[in-house]
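Heads up, the thing below is written out as structure tokens.
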């Protein structure tokens, strides 16, 4: 079993997320590859389901709390819980303790669980100290990076993916204007306010194209699915990938290209 520099065993429970499982499994496989490269033993519990974020965001707190209990039970025995999504990780880390704060059987478990939760890029850099030189990945492209709201504001993810991307041979990352502005997805926001969502997404794509990049990267599949779909509807030839896919050398067909 792998250990870190202090000799402590490092067992990671990977929270795959619904979108990765159903829409882009390659992100999950890329996450496993990167975690193993960082010296972790990785397990993917079969009992995990949705994190409860859609229910939570729409005020169905009972359903969200039920999913929180199920997720905690599935993953609380690992040393770390890692998700390749800032929004799901933010739900596990920031909202579970609030959801279960008044439940005497779960409040303490939720708080302990939250302390173990990390977004993938942050975990690789901040916890495991993975160096860009260890990646041995190549991806010939000019890319720009989208900072998703939850990753940035709830999980503190900003420089970590950019640091690791420096280790990808052939890749140049150029920052776009307003990179920290929402992509327009916002979970059910895009359903409730489709016109506003579409305009925000179009503005984001315009900023990405203005950099001269041919690839758009990010760490939240919800954002990336939204932007990929918007790009296809607008006839934009911008290719979209999850950062983990590029770092793991598993970036072949971009998001949305699978259906062509």
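Below are the figures for this structure:
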| read-out | value |
| --- | --- |
| Using distinct alpha-carbon pairs, which all enter the 1/r mean, Kirkwood radius of the range 193-260 in Å | 12.2 |
| Whole-angstrom gap from the range 53-119 to the range 132-160, using each part's C-alpha centre | 24 |
| For the range 11-127: span of alpha carbons on each principal axis (Å, largest first) | 40, 28, 23 |
| Residue 73-residue 214 pseudo-label distance in nm [points 7 Å out on the Cα-to-Cβ vector] | 5.0 |
| Percentage relative contact order, the chain, counting C-alpha pairs under 8 Å, at least six apart | 19 |
| Rel. contact order, % - alpha carbon contacts under 8 angstrom, at least six apart, the range 124-260 | 27 |
| Burial order of peptide ranges 97-103, 213-219, 71-77 (average beta-carbon count within 10 Å, highest first) | 213-219, 71-77, 97-103 |
| Relative pair counts by distance (%), Cα atoms of the range 129-260, 5 Å bins | 2, 11, 22, 24, 21, 12, 6, 2, 0 |
| Expected 222 nm ellipticity per residue - DSSP helices of 4 or more, -39500 (n - 2.57), all of the chain, to 500 | -11500 deg cm²/dmol |
| Under the Debye formula (equal points on every Cα, no solvent term), log10 I(q)/I(0) of the chain at q = 0.11, 0.15, 0.17 Å⁻¹ | -0.58, -1.06, -1.33 |
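Values in this text are rule-based calculations from the coordinates and carry no lab data. Computed from a predicted model, the values in this text were never measured in an experiment. So basically every Cβ, Gly included, is an ideal-geometry build from the backbone, and we count neighbours across all protein chains shown.
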